[in-house]
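Read the structure below first, then the notes.
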Amino acid sequence: MRKVILDKVDKLYDDDKHKEIISTITNFAGYDKDYELSGQLAVAYNNTDDYSKAIITLESFTKEGVNDPKWVYRLAYACCEGTKEYAKVQKYIENILTDIPEDKADEEVYKDLSNYLVDCLINDVNNISFKKRVENFWIWFTENEEKLSDMLTKMKAHDKSIDPASITDFANEGISLISENIYFNLGGNFEFTFTCEGNSYLFYLTPYIVSQMPEKFKEKWTFTPFMQGDKSDGFMLKIKDIDVAISDMLVAVDYESDNGDFNIKFYNEHVCKLDDSDAYHIFFLMMDMVTGEAVSNLYIGTVDKSDTKLDGMIPLSDLKQHIIDSLEKDEKQYFDNPQERHTSFEIELDDDEYSPYRYDVTFGTTSYQSLLSSYYINDNDINLQLLKMGAVAGFLILINEEGLELGEALAHAQNVSDKIASNTSSIELGRSIGSYIYIDFITYDIKEFLEKTPELLKDYPCSFTFSYFKPFSETIDL
């Protein structure tokens, strides 16, 4: 009989007869003890906008459903689309998205869950802003600077009473006030260097940490937002019982002038005999030490291992200068900070009345191409990483209701972005032009941004709306 009920439910679902599904299941004895039937009942409740009943039905099987993506999706739909009880489902979504199987059968379910997690984090009243986290770190640092300084001094003097690992652990107490996902290196000359570890979003966060350093520490301490690349050709790295000199790591460089990418093939007779994962790990580590993390992020395109030494290869130690010289010869500016390099783009998208914002865009500029691209493929990885650290990616939509000339509207957009950057804890990423003008930001305190921005915009002959960097996100009229 149970199978007959399930088959009937499937047919009713295909016919969009959700109220009949509810009647069919609830008239079946013992449905409330059946995980699968109750799940289908919750779907029917969701499809008839009876979200509270869907939540009650699902929560009666929390133990069985907590590791089931479909159960979590149904609860997320009810809470995020319906009752707006984001806190009720956030932990379940985070649990499911922590370890997504490579052979996931329901890829759309995981993508939808990442969308819902963005909504949960946006509405999480306990999510401390990045600005406040940074303030907390510098308060900690001020209170503990003397102790940290003493530990580093003893380490530099080779005092055996101090364990270098204990210094890192102590400093991490302060950094964890910002996030557990920020990495750093400490130097004996009071050097504190953040490392991005291949995470592009950190290039847009760590400079803000450094910018907030109290004035009284600036003569003594050197805080650096990411690895700058300062290892000479005489530097030796020991990994996997292999001693590798930077000058012995060779690279062939192919420069693509159109997009400014440098494609790399690397070779070292010892490193290239290792497993690919180890070989690539060693090379990327060495490259970041030579060129700096920002240069690697900005200019390095594809990287491939070569099984043999190729004609024209140069020492890795010469790569950074090779990039600088190639760009200069091509009459292009060299940058060593991703926030400062704005690239132009042109795109052609299918736009109709059902498209989200930005599908009308034809051209623009951006300093964070990865974030921009992720919007159009509905990938929330960058969004989520920023939100988990209390920062928010969003954009202003300038609506030209007065029919201003494009040049005048763009001048207003420039003034607006300058005002916002000067008066809020935010950075502008770029602008896109279509039926509207879009001004992209990362803000370190969304509450401050939304409170201050309306006053900054009141004298312009345009209207403005704010959207989070997610298709079909809620919008806020400013």
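The values are calculated or read from the model by the stated rules, or taken from the named source; none is laboratory data. For clarity, every value in this text was computed on a predicted model and none was experimentally measured. For neighbour counting, all protein chains shown are included, and Cβ atoms are generated from backbone atoms with ideal geometry for every residue, glycine included.
Remarks
- As for the range 355-372, it holds no residue that is of a type in the set (D, E) and assigned to a helix (DSSP H, G or I).
- From the options T308, T365, residue that is farther than 28 Å from F472 by Cβ, touching a Phe, Trp or Tyr at 6+ places or on another chain (Cβ under 9 Å) and in contact (Cβ under 8 Å) with a residue 40 or more places away in the chain: T308
- Residues located in the range 350-402, provided they are in contact with a strand residue (DSSP E or B) (Cβ under 8 Å, 6 or more places away or on another chain) and either of a type in the set (V, I, T) or over 23 Å from L450 (Cβ atoms) (or both): V361, T362, F363, G364, T365, T366, Q369, I382, V392, I397, I399
- Answer residue from the range 137-150, given it is free of Cβ contacts under 8 Å to residues at least 24 places away in the same chain and out of contact with any strand residue (DSSP E or B) (no Cβ under 9 Å at 6 or more places or on another chain) and is surrounded by the most Cβ atoms within 10 Å (Cβ to Cβ) among those: I139
- Sole exception among (1) surrounded by 13 or more Cβ atoms within 10 Å (Cβ to Cβ); (2) assigned to a helix (DSSP H, G or I) for F28, by number: (2)
- Odd one out for D49 among (1) within 22 Å of C80 (Cα to Cα); (2) among the charged types (D, E, K, R); (3) in a helix (DSSP H, G or I): (3)
- Whether a residue is of a type in the set (S, T, N, Q), more than 30 Å from the chain's Cα centre (by Cα) and either at pLDDT 95 or above or farther than 18 Å from S473 by Cα (or both) was assessed, and Q40 passes this test.
- Hits in the range 52-95 - residues which are closer than 22 Å to Q385 by Cα and small (G, A, S): A76, A87
- Among the residues of the range 56-74, just one is buried (at least 22 other Cβ atoms within 10 Å of the Cβ), over 25 Å from the mean Cα position of the chain (by Cα) and of a type in the set (A, V, I, L, M), namely L58.
- Of all residues making up the range 77-124, the number that are touching a residue at least 12 places away in the same chain (Cβ under 8 Å), over 19 Å from the mean Cα position of the chain (by Cα) and assigned to a helix (DSSP H, G or I): 13
- Selection status of D304, touching a strand residue (DSSP E or B) at 6+ places or on another chain (Cβ under 7 Å), exposed (fewer than 15 other Cβ atoms within 10 Å of the Cβ), over 12 Å from V251 (Cβ atoms) and assigned by TED's automatic domain parsing to the domain that holds D243: no
- Test: K131 is closer than 29 Å to M213 by Cβ, touching a residue at least 12 places away in the same chain (Cβ under 8 Å), in a helix (DSSP H, G or I) and of a type outside the set (A, V, I, L, M, F, W, C): yes
- The range 183-224: number of residues that are surrounded by 19 or more Cβ atoms within 10 Å (Cβ to Cβ), in a loop (DSSP other than H, G, I, E, B) and without any contact (Cβ under 8 Å) to a residue 60 or more places away in the chain: 0
- Among residues of the range 151-182 being within 26 Å of N127 (Cβ to Cβ) and of a type in the set (A, V, I, L, M), the one that is surrounded by the fewest Cβ atoms within 10 Å (Cβ to Cβ) is L177.
- Filter pass, E59 being outside the structural domain of L387 (by TED's automatic domain parsing), acidic (D, E) and free of Cβ contacts under 8 Å to residues at least 24 places away in the same chain: yes
Let's see how each residue does on (1) at pLDDT below 95; (2) assigned by TED's automatic domain parsing to the domain that holds T366; (3) farther than 25 Å from M155 by Cα:
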{"position": "F170", "(1), (2), (3)": "no, no, no"}
{"position": "N185", "(1), (2), (3)": "yes, no, no"}
{"position": "G188", "(1), (2), (3)": "yes, no, no"}
{"position": "T195", "(1), (2), (3)": "yes, no, no"}
{"position": "N199", "(1), (2), (3)": "yes, no, yes"}
{"position": "F203", "(1), (2), (3)": "no, no, yes"}
{"position": "P207", "(1), (2), (3)": "no, no, yes"}
{"position": "S211", "(1), (2), (3)": "no, no, yes"}
{"position": "K216", "(1), (2), (3)": "no, no, no"}
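- Qualifying residue in the range 332-353 (condition: among the hydrophobic types (A, V, I, L, M, F, W, C) and more than 26 Å from S435 (Cα to Cα)): yes
- Of the residues contained in the range 215-222, one or more are found to be more than 30 Å from S367 (Cβ to Cβ) and of a type outside the set (K, R).
- Residue check, L177 touching a residue at least 12 places away in the same chain (Cβ under 8 Å) and farther than 26 Å from M286 by Cβ: yes
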